[in-house]
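Please read the structure below before turning to the comments.
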Amino acid sequence: MSENAHSDAKALDLLNELENILESDPLIDEVGFVHPSQFATLKEVAGCAVSSQDVSDHESTNFWIRDHKLGISTQVLLPLYKAAKHAFMAALREYKTSGNLPGKSGDDTLESEVMTHSKALLMLSCDFGTAWNSRKFIVLKKELMPIFMNELLLSALVLSYAPKSERAWSHSFDLKATTSVTKCMKVVTCLVYISHKAVGYQHNFWKMFNSAMDNRERIRASGKNSRGLNSGDEMRSKMNYRAWNHRCWLVSYMTREQVLHQLEKSRNWASLHVADSSCFHYRRRLMLRIYEDFYHTQADHSSGYNFKIYNIWKEELDWNEALIGRYVGREALWLHRRFLSSYWIRHIATDLHSVSCQFEHESSIDIDVGSFIDHELHLLDSCSTIPDDDFEDFQAQAIHSATYILWLTKQIPKSHRIDLQEKLRARDLKRLLNMACPERSSLWNCLVDLNASKIQPSCERIKS
(Lines give C-alpha, C1' and ligand atoms only; values in the text may rest on other atoms or scores of the structure.)
Protein backbone atom coordinates (compact mmCIF):
# COMPACT_ATOMS: atom_id res chain seq x y z
CA MET A 1 0.00 0.00 0.00
CA SER A 2 2.80 2.41 0.91
CA GLU A 3 4.52 1.65 -2.36
CA ASN A 4 1.38 2.58 -4.33
CA ALA A 5 1.01 5.77 -2.33
CA HIS A 6 4.63 6.65 -3.11
CA SER A 7 4.15 6.07 -6.84
CA ASP A 8 0.94 8.14 -6.82
CA ALA A 9 2.74 10.98 -5.06
CA LYS A 10 5.56 10.81 -7.60
CA ALA A 11 3.07 10.88 -10.49
CA LEU A 12 1.38 13.91 -8.91
CA ASP A 13 4.75 15.66 -8.69
CA LEU A 14 5.28 14.96 -12.39
CA LEU A 15 1.87 16.45 -13.16
CA ASN A 16 2.61 19.57 -11.14
CA GLU A 17 5.94 19.94 -12.91
CA LEU A 18 4.29 19.64 -16.34
CA GLU A 19 1.55 22.12 -15.46
CA ASN A 20 4.13 24.59 -14.14
CA ILE A 21 6.06 24.33 -17.41
CA LEU A 22 2.93 24.94 -19.46
CA GLU A 23 1.99 27.91 -17.30
CA SER A 24 5.47 29.44 -17.20
CA ASP A 25 5.84 29.35 -21.00
CA PRO A 26 2.49 30.09 -22.68
CA LEU A 27 4.25 30.39 -26.06
CA ILE A 28 5.09 26.69 -26.32
CA ASP A 29 4.17 25.77 -29.88
CA GLU A 30 5.49 22.21 -30.26
CA VAL A 31 5.56 19.12 -28.07
CA GLY A 32 7.23 15.77 -28.67
CA PHE A 33 7.77 12.51 -26.81
CA VAL A 34 11.42 11.63 -26.38
CA HIS A 35 13.13 8.43 -25.29
CA PRO A 36 15.16 9.01 -22.09
CA SER A 37 18.42 8.18 -23.84
CA GLN A 38 17.87 11.07 -26.30
CA PHE A 39 17.85 13.89 -23.75
CA ALA A 40 21.65 14.07 -23.84
CA THR A 41 21.45 14.68 -27.60
CA LEU A 42 18.93 17.48 -27.11
CA LYS A 43 21.19 19.14 -24.56
CA GLU A 44 24.08 18.84 -26.98
CA VAL A 45 22.07 20.50 -29.75
CA ALA A 46 21.05 23.29 -27.37
CA GLY A 47 24.71 24.04 -26.72
CA CYS A 48 24.75 22.78 -23.15
CA ALA A 49 27.73 20.93 -21.78
CA VAL A 50 27.00 17.20 -21.57
CA SER A 51 28.89 15.30 -18.91
CA SER A 52 29.28 11.57 -18.53
CA GLN A 53 26.94 11.74 -15.54
CA ASP A 54 24.21 13.28 -17.73
CA VAL A 55 24.54 10.41 -20.17
CA SER A 56 24.37 7.77 -17.45
CA ASP A 57 21.59 9.48 -15.46
CA HIS A 58 19.33 10.16 -18.43
CA GLU A 59 16.47 8.31 -16.75
CA SER A 60 16.18 11.09 -14.15
CA THR A 61 15.28 13.65 -16.85
CA ASN A 62 11.55 13.86 -17.46
CA PHE A 63 11.05 17.11 -19.35
CA TRP A 64 13.07 19.26 -21.73
CA ILE A 65 12.11 22.83 -22.63
CA ARG A 66 13.95 25.28 -24.87
CA ASP A 67 12.93 27.88 -27.47
CA HIS A 68 9.26 27.13 -26.75
CA LYS A 69 9.73 23.44 -27.64
CA LEU A 70 8.70 20.87 -25.03
CA GLY A 71 9.99 17.32 -24.83
CA ILE A 72 8.39 14.73 -22.54
CA SER A 73 10.11 11.51 -21.60
CA THR A 74 8.33 8.39 -22.83
CA GLN A 75 9.21 6.73 -19.52
CA VAL A 76 6.75 8.87 -17.54
CA LEU A 77 3.86 8.96 -20.02
CA LEU A 78 1.73 6.29 -18.34
CA PRO A 79 1.94 7.52 -14.72
CA LEU A 80 1.65 11.11 -15.93
CA TYR A 81 -1.46 10.31 -17.94
CA LYS A 82 -3.11 8.52 -15.01
CA ALA A 83 -2.38 11.44 -12.68
CA ALA A 84 -3.64 14.01 -15.19
CA LYS A 85 -6.83 12.06 -15.87
CA HIS A 86 -7.54 11.59 -12.15
CA ALA A 87 -6.95 15.27 -11.37
CA PHE A 88 -9.06 16.44 -14.31
CA MET A 89 -12.03 14.17 -13.57
CA ALA A 90 -11.98 15.18 -9.90
CA ALA A 91 -11.90 18.88 -10.79
CA LEU A 92 -14.68 18.43 -13.37
CA ARG A 93 -16.94 16.62 -10.88
CA GLU A 94 -16.45 19.37 -8.32
CA TYR A 95 -17.07 22.00 -10.96
CA LYS A 96 -20.36 20.39 -12.02
CA THR A 97 -21.63 19.87 -8.48
CA SER A 98 -20.85 23.48 -7.51
CA GLY A 99 -23.79 24.71 -9.54
CA ASN A 100 -21.96 25.86 -12.67
CA LEU A 101 -24.93 25.77 -15.01
CA PRO A 102 -25.70 28.09 -17.94
CA GLY A 103 -26.89 31.46 -16.66
CA LYS A 104 -25.28 31.14 -13.24
CA SER A 105 -22.00 32.62 -12.08
CA GLY A 106 -19.29 30.03 -11.53
CA ASP A 107 -16.31 29.69 -9.29
CA ASP A 108 -13.27 31.01 -11.16
CA THR A 109 -10.98 28.81 -9.10
CA LEU A 110 -12.73 25.63 -10.16
CA GLU A 111 -12.82 26.77 -13.77
CA SER A 112 -9.09 27.45 -13.60
CA GLU A 113 -8.43 23.97 -12.24
CA VAL A 114 -10.49 22.36 -14.98
CA MET A 115 -8.65 24.34 -17.66
CA THR A 116 -5.22 23.62 -16.16
CA HIS A 117 -5.70 19.87 -15.70
CA SER A 118 -7.45 19.44 -19.08
CA LYS A 119 -4.57 21.15 -20.87
CA ALA A 120 -2.04 18.80 -19.29
CA LEU A 121 -4.26 15.84 -20.13
CA LEU A 122 -4.57 16.87 -23.78
CA MET A 123 -0.79 17.04 -24.05
CA LEU A 124 -0.83 13.30 -23.35
CA SER A 125 -4.10 12.20 -24.97
CA CYS A 126 -5.20 14.35 -27.92
CA ASP A 127 -8.59 12.66 -28.40
CA PHE A 128 -9.90 12.86 -24.82
CA GLY A 129 -13.34 14.20 -25.72
CA THR A 130 -14.46 15.10 -22.20
CA ALA A 131 -11.48 17.41 -21.79
CA TRP A 132 -12.20 19.20 -25.08
CA ASN A 133 -15.91 19.55 -24.28
CA SER A 134 -15.29 20.99 -20.81
CA ARG A 135 -12.91 23.58 -22.25
CA LYS A 136 -15.37 24.51 -24.98
CA PHE A 137 -18.15 24.96 -22.41
CA ILE A 138 -16.06 27.35 -20.32
CA VAL A 139 -14.68 29.29 -23.29
CA LEU A 140 -18.07 29.85 -24.91
CA LYS A 141 -19.51 30.96 -21.58
CA LYS A 142 -16.75 33.54 -21.15
CA GLU A 143 -16.71 34.77 -24.78
CA LEU A 144 -13.45 36.65 -24.26
CA MET A 145 -11.00 37.14 -27.12
CA PRO A 146 -7.82 36.31 -25.08
CA ILE A 147 -9.31 33.01 -23.94
CA PHE A 148 -10.42 32.22 -27.48
CA MET A 149 -6.93 32.90 -28.84
CA ASN A 150 -5.41 30.67 -26.15
CA GLU A 151 -7.69 27.84 -27.27
CA LEU A 152 -6.58 28.22 -30.86
CA LEU A 153 -2.96 28.09 -29.76
CA LEU A 154 -3.73 24.98 -27.70
CA SER A 155 -5.22 23.33 -30.79
CA ALA A 156 -2.05 24.20 -32.70
CA LEU A 157 0.06 22.73 -29.88
CA VAL A 158 -1.87 19.46 -29.91
CA LEU A 159 -1.69 19.30 -33.69
CA SER A 160 2.10 19.65 -33.49
CA TYR A 161 2.32 16.04 -32.29
CA ALA A 162 -1.01 14.74 -33.63
CA PRO A 163 -1.68 16.62 -36.92
CA LYS A 164 -4.68 14.45 -37.80
CA SER A 165 -6.43 14.64 -34.43
CA GLU A 166 -10.16 14.77 -35.15
CA ARG A 167 -10.93 16.27 -31.75
CA ALA A 168 -8.40 19.08 -32.10
CA TRP A 169 -9.74 20.11 -35.51
CA SER A 170 -13.35 19.86 -34.31
CA HIS A 171 -12.52 22.05 -31.31
CA SER A 172 -11.14 24.85 -33.49
CA PHE A 173 -14.09 24.54 -35.90
CA ASP A 174 -16.63 24.77 -33.06
CA LEU A 175 -14.98 27.83 -31.56
CA LYS A 176 -14.58 29.76 -34.78
CA ALA A 177 -18.29 29.31 -35.54
CA THR A 178 -18.82 32.58 -33.64
CA THR A 179 -19.12 35.13 -36.45
CA SER A 180 -18.04 38.12 -34.34
CA VAL A 181 -14.79 36.33 -33.54
CA THR A 182 -14.11 34.97 -37.00
CA LYS A 183 -14.18 38.43 -38.55
CA CYS A 184 -11.10 39.42 -36.56
CA MET A 185 -8.03 39.36 -38.83
CA LYS A 186 -5.86 38.30 -35.90
CA VAL A 187 -7.96 35.18 -35.51
CA VAL A 188 -7.83 34.42 -39.26
CA THR A 189 -4.05 34.74 -39.20
CA CYS A 190 -3.89 32.35 -36.23
CA LEU A 191 -6.12 29.83 -37.98
CA VAL A 192 -3.97 29.95 -41.11
CA TYR A 193 -0.94 29.37 -38.88
CA ILE A 194 -2.59 26.29 -37.34
CA SER A 195 -3.30 24.70 -40.72
CA HIS A 196 0.16 25.58 -41.99
CA LYS A 197 1.73 23.82 -39.01
CA ALA A 198 -0.33 20.71 -39.67
CA VAL A 199 0.59 20.32 -43.34
CA GLY A 200 3.81 22.26 -43.60
CA TYR A 201 7.43 21.56 -42.94
CA GLN A 202 8.74 19.09 -40.44
CA HIS A 203 8.44 20.55 -36.96
CA ASN A 204 11.42 22.45 -35.58
CA PHE A 205 11.62 20.21 -32.50
CA TRP A 206 12.32 17.15 -34.62
CA LYS A 207 14.39 19.13 -37.11
CA MET A 208 16.71 20.05 -34.27
CA PHE A 209 16.97 16.51 -32.96
CA ASN A 210 17.36 14.88 -36.38
CA SER A 211 20.00 17.43 -37.33
CA ALA A 212 22.12 16.34 -34.39
CA MET A 213 21.63 12.66 -35.22
CA ASP A 214 22.54 13.29 -38.89
CA ASN A 215 25.71 15.10 -37.85
CA ARG A 216 26.74 12.15 -35.69
CA GLU A 217 26.08 9.70 -38.50
CA ARG A 218 28.06 11.80 -40.96
CA ILE A 219 31.05 11.79 -38.64
CA ARG A 220 30.83 8.02 -38.25
CA ALA A 221 30.40 7.41 -41.98
CA SER A 222 32.96 9.95 -43.21
CA GLY A 223 35.64 7.29 -43.48
CA LYS A 224 33.36 4.80 -45.22
CA ASN A 225 31.29 6.91 -47.54
CA SER A 226 32.53 10.15 -49.03
CA ARG A 227 29.00 11.33 -49.74
CA GLY A 228 27.76 11.03 -46.17
CA LEU A 229 24.02 11.04 -45.54
CA ASN A 230 21.46 12.97 -47.46
CA SER A 231 19.50 15.34 -45.24
CA GLY A 232 17.26 16.65 -47.98
CA ASP A 233 14.16 14.89 -46.67
CA GLU A 234 13.26 17.48 -44.07
CA MET A 235 9.95 18.24 -45.75
CA ARG A 236 7.39 15.53 -45.24
CA SER A 237 3.93 15.46 -46.71
CA LYS A 238 1.27 14.81 -44.10
CA MET A 239 -1.49 14.19 -46.67
CA ASN A 240 -3.68 15.84 -44.04
CA TYR A 241 -7.16 16.29 -45.50
CA ARG A 242 -8.50 17.97 -42.34
CA ALA A 243 -5.82 20.65 -42.41
CA TRP A 244 -6.39 21.46 -46.09
CA ASN A 245 -10.14 21.51 -45.55
CA HIS A 246 -9.56 23.91 -42.67
CA ARG A 247 -7.58 26.17 -44.98
CA CYS A 248 -10.26 26.08 -47.69
CA TRP A 249 -12.82 27.23 -45.14
CA LEU A 250 -10.61 30.17 -44.18
CA VAL A 251 -10.33 31.48 -47.72
CA SER A 252 -13.71 33.21 -47.41
CA TYR A 253 -12.40 35.28 -44.50
CA MET A 254 -9.03 36.25 -46.00
CA THR A 255 -8.20 39.65 -47.40
CA ARG A 256 -7.10 39.99 -51.01
CA GLU A 257 -3.49 40.33 -49.88
CA GLN A 258 -3.73 37.18 -47.77
CA VAL A 259 -5.20 35.22 -50.68
CA LEU A 260 -2.40 36.28 -53.02
CA HIS A 261 0.19 35.49 -50.35
CA GLN A 262 -1.24 32.02 -49.74
CA LEU A 263 -1.34 31.30 -53.48
CA GLU A 264 2.34 32.13 -53.78
CA LYS A 265 3.28 30.38 -50.53
CA SER A 266 1.59 27.07 -51.37
CA ARG A 267 3.29 26.80 -54.76
CA ASN A 268 6.57 25.43 -53.39
CA TRP A 269 4.73 22.77 -51.41
CA ALA A 270 2.64 21.71 -54.41
CA SER A 271 5.75 21.53 -56.61
CA LEU A 272 7.30 18.97 -54.26
CA HIS A 273 4.10 17.03 -53.46
CA VAL A 274 2.31 16.65 -56.80
CA ALA A 275 0.34 13.65 -55.56
CA ASP A 276 -1.34 15.69 -52.81
CA SER A 277 -4.64 16.55 -54.50
CA SER A 278 -5.82 18.43 -51.40
CA CYS A 279 -3.15 21.07 -51.94
CA PHE A 280 -4.26 21.67 -55.53
CA HIS A 281 -7.87 21.83 -54.33
CA TYR A 282 -6.77 24.56 -51.90
CA ARG A 283 -5.10 26.46 -54.74
CA ARG A 284 -8.28 26.19 -56.80
CA ARG A 285 -10.25 27.65 -53.91
CA LEU A 286 -7.81 30.55 -53.69
CA MET A 287 -8.04 31.20 -57.43
CA LEU A 288 -11.84 31.13 -57.32
CA ARG A 289 -11.73 33.73 -54.58
CA ILE A 290 -9.41 35.86 -56.74
CA TYR A 291 -11.80 35.57 -59.66
CA GLU A 292 -14.76 36.50 -57.45
CA ASP A 293 -12.94 39.69 -56.48
CA PHE A 294 -12.22 40.28 -60.17
CA TYR A 295 -15.90 39.86 -61.00
CA HIS A 296 -16.93 42.44 -58.38
CA THR A 297 -14.28 44.95 -59.44
CA GLN A 298 -15.19 44.56 -63.11
CA ALA A 299 -18.05 46.98 -62.64
CA ASP A 300 -15.49 49.58 -61.60
CA HIS A 301 -13.51 49.03 -64.84
CA SER A 302 -10.38 48.21 -62.92
CA SER A 303 -8.06 47.50 -65.85
CA GLY A 304 -5.07 47.02 -63.54
CA TYR A 305 -6.78 44.20 -61.68
CA ASN A 306 -8.04 42.71 -64.96
CA PHE A 307 -4.45 42.45 -66.10
CA LYS A 308 -3.50 40.91 -62.73
CA ILE A 309 -6.15 38.17 -62.99
CA TYR A 310 -4.91 37.37 -66.50
CA ASN A 311 -1.33 37.09 -65.27
CA ILE A 312 -2.30 34.88 -62.33
CA TRP A 313 -4.16 32.41 -64.55
CA LYS A 314 -1.47 32.43 -67.23
CA GLU A 315 1.31 31.82 -64.69
CA GLU A 316 -0.66 28.96 -63.15
CA LEU A 317 -1.17 27.35 -66.57
CA ASP A 318 2.52 27.66 -67.43
CA TRP A 319 3.56 26.35 -64.02
CA ASN A 320 1.16 23.41 -64.33
CA GLU A 321 2.55 22.57 -67.78
CA ALA A 322 6.09 22.59 -66.40
CA LEU A 323 5.06 20.19 -63.62
CA ILE A 324 3.38 17.89 -66.15
CA GLY A 325 6.61 17.68 -68.08
CA ARG A 326 8.67 17.12 -64.95
CA TYR A 327 6.43 14.61 -63.15
CA VAL A 328 5.18 12.19 -65.79
CA GLY A 329 1.83 10.48 -65.37
CA ARG A 330 0.51 12.41 -62.31
CA GLU A 331 -3.27 12.54 -62.53
CA ALA A 332 -3.62 15.37 -59.97
CA LEU A 333 -1.77 17.73 -62.32
CA TRP A 334 -4.10 16.98 -65.23
CA LEU A 335 -7.18 17.43 -63.04
CA HIS A 336 -5.84 20.79 -61.94
CA ARG A 337 -5.33 21.74 -65.58
CA ARG A 338 -8.95 20.92 -66.33
CA PHE A 339 -10.02 23.49 -63.78
CA LEU A 340 -7.63 26.09 -65.15
CA SER A 341 -8.66 25.48 -68.76
CA SER A 342 -12.35 25.52 -68.00
CA TYR A 343 -12.22 28.90 -66.30
CA TRP A 344 -9.82 30.25 -68.89
CA ILE A 345 -12.20 29.43 -71.76
CA ARG A 346 -15.52 30.20 -70.09
CA HIS A 347 -14.61 33.23 -68.01
CA ILE A 348 -11.10 34.67 -68.22
CA ALA A 349 -10.78 34.91 -72.01
CA THR A 350 -14.44 35.90 -72.43
CA ASP A 351 -14.41 38.59 -69.74
CA LEU A 352 -11.10 40.05 -70.85
CA HIS A 353 -12.15 40.05 -74.48
CA SER A 354 -15.10 42.29 -73.58
CA VAL A 355 -12.68 44.83 -72.13
CA SER A 356 -9.81 44.16 -74.54
CA CYS A 357 -9.56 47.84 -75.37
CA GLN A 358 -8.04 48.33 -71.95
CA PHE A 359 -5.09 46.12 -72.91
CA GLU A 360 -4.05 47.64 -76.21
CA HIS A 361 -0.79 48.67 -74.58
CA GLU A 362 -0.05 45.12 -73.46
CA SER A 363 1.27 43.25 -76.48
CA SER A 364 2.00 40.12 -74.39
CA ILE A 365 -1.67 39.37 -73.78
CA ASP A 366 -3.20 36.62 -75.88
CA ILE A 367 -6.84 35.91 -75.06
CA ASP A 368 -7.70 34.10 -78.28
CA VAL A 369 -9.38 30.75 -77.59
CA GLY A 370 -8.08 29.31 -80.86
CA SER A 371 -4.48 29.98 -79.85
CA PHE A 372 -5.15 28.35 -76.50
CA ILE A 373 -6.53 25.22 -78.18
CA ASP A 374 -3.49 25.01 -80.47
CA HIS A 375 -1.25 25.21 -77.44
CA GLU A 376 -3.14 22.38 -75.72
CA LEU A 377 -2.84 20.23 -78.84
CA HIS A 378 0.88 20.85 -78.82
CA LEU A 379 0.92 19.70 -75.18
CA LEU A 380 -0.94 16.56 -76.29
CA ASP A 381 1.72 15.84 -78.92
CA SER A 382 4.55 16.24 -76.41
CA CYS A 383 2.88 13.92 -73.89
CA SER A 384 1.70 11.19 -76.27
CA THR A 385 5.12 9.68 -76.96
CA ILE A 386 5.43 6.23 -75.38
CA PRO A 387 9.02 4.90 -75.33
CA ASP A 388 9.73 1.19 -75.57
CA ASP A 389 10.30 0.40 -71.90
CA ASP A 390 8.49 -1.05 -68.91
CA PHE A 391 7.71 2.23 -67.15
CA GLU A 392 3.97 2.72 -66.90
CA ASP A 393 4.20 6.45 -66.21
CA PHE A 394 4.50 7.26 -69.91
CA GLN A 395 1.40 5.20 -70.69
CA ALA A 396 -0.46 7.04 -67.94
CA GLN A 397 0.76 10.38 -69.30
CA ALA A 398 -0.54 9.54 -72.76
CA ILE A 399 -3.91 8.46 -71.37
CA HIS A 400 -4.27 11.58 -69.21
CA SER A 401 -3.37 13.89 -72.10
CA ALA A 402 -5.74 12.20 -74.55
CA THR A 403 -8.69 12.11 -72.15
CA TYR A 404 -7.96 15.73 -71.27
CA ILE A 405 -8.32 16.73 -74.92
CA LEU A 406 -11.54 14.73 -75.21
CA TRP A 407 -12.84 16.60 -72.17
CA LEU A 408 -11.69 19.91 -73.64
CA THR A 409 -13.78 19.42 -76.78
CA LYS A 410 -16.91 19.81 -74.64
CA GLN A 411 -15.70 23.03 -73.01
CA ILE A 412 -14.77 25.13 -76.04
CA PRO A 413 -17.27 27.33 -77.95
CA LYS A 414 -19.09 25.63 -80.82
CA SER A 415 -17.46 27.92 -83.35
CA HIS A 416 -14.08 26.28 -82.64
CA ARG A 417 -15.22 22.66 -82.70
CA ILE A 418 -15.01 22.18 -86.48
CA ASP A 419 -11.33 23.03 -86.59
CA LEU A 420 -10.59 21.01 -83.46
CA GLN A 421 -12.37 17.94 -84.83
CA GLU A 422 -10.22 18.02 -87.96
CA LYS A 423 -7.03 18.33 -85.94
CA LEU A 424 -8.05 15.47 -83.63
CA ARG A 425 -8.88 13.26 -86.60
CA ALA A 426 -5.35 13.76 -87.91
CA ARG A 427 -3.89 12.73 -84.53
CA ASP A 428 -6.01 9.56 -84.27
CA LEU A 429 -6.82 9.63 -80.54
CA LYS A 430 -8.42 6.22 -80.69
CA ARG A 431 -5.17 4.61 -81.82
CA LEU A 432 -3.19 6.50 -79.19
CA LEU A 433 -5.47 5.40 -76.34
CA ASN A 434 -5.58 1.79 -77.51
CA MET A 435 -1.80 1.70 -77.74
CA ALA A 436 -1.38 3.19 -74.24
CA CYS A 437 -3.93 0.94 -72.58
CA PRO A 438 -5.14 -1.87 -74.86
CA GLU A 439 -7.11 -3.62 -72.10
CA ARG A 440 -9.58 -0.72 -72.16
CA SER A 441 -9.95 -0.57 -75.91
CA SER A 442 -13.73 -0.92 -75.82
CA LEU A 443 -13.98 2.07 -73.47
CA TRP A 444 -11.72 4.24 -75.62
CA ASN A 445 -13.60 3.36 -78.81
CA CYS A 446 -16.89 4.24 -77.16
CA LEU A 447 -15.63 7.57 -75.78
CA VAL A 448 -14.01 8.73 -79.03
CA ASP A 449 -16.98 7.69 -81.18
CA LEU A 450 -19.46 9.29 -78.77
CA ASN A 451 -17.48 12.51 -78.72
CA ALA A 452 -17.30 12.63 -82.53
CA SER A 453 -21.04 11.92 -82.88
CA LYS A 454 -21.89 14.83 -80.55
CA ILE A 455 -19.57 17.29 -82.25
CA GLN A 456 -20.60 16.51 -85.84
CA PRO A 457 -24.29 17.62 -85.61
CA SER A 458 -23.33 20.91 -83.96
CA CYS A 459 -20.70 21.50 -86.64
CA GLU A 460 -23.26 20.89 -89.41
CA ARG A 461 -25.67 23.37 -87.80
CA ILE A 462 -22.92 25.98 -87.72
CA LYS A 463 -22.07 25.41 -91.41
CA SER A 464 -25.72 25.70 -92.42
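The values are calculated or read from the model by the stated rules, or taken from the named source; none is laboratory data. Everything quoted here is computed from the prediction, not taken from an experiment. Counting neighbours? That spans all protein chains shown, and the Cβs are built from the backbone with ideal geometry, glycine included. Accessible surface areas use protein heavy atoms only, side chains included; no ligands, DNA or RNA. Shrake-Rupley method; radii C 1.70, N 1.55, O 1.52, S 1.80 Å.
Brief remarks follow.
- Beyond 19 Å in Cα-Cα separation lie the following of the pairs K314/K423; K82/K136; K85/K119; K43/K82; K119/K142; K43/K119: K314/K423; K82/K136; K43/K82; K43/K119.
- S371 - accessible surface, heavy atoms, 1.4 Å probe, Å² rounded to 10: 50 Å²
- Here the calculated FRET efficiency for N16 and S98, from their Cβ-Cβ distance with R0 = 25 Å, stands at 0.65, rounded to the nearest 0.05.
- Note, ³J(HN,Hα) from phi for segment 284-294, Karplus 6.51, -1.76, 1.60, rounded to Hz, x at Gly and Pro: 5, 5, 5, 5, 5, 5, 4, 5, 4, 5, 4
- Multiplying the residue separation of H375 and D428 by 0.36 nm and removing their Cα-Cα distance gives an extension gain of 17.3 nm.
- Filtered chymotrypsin sites (Phe, Trp or Tyr not before Pro), segment 244-296: DSSP coil and at most 13 other beta carbons within 10 Å: none
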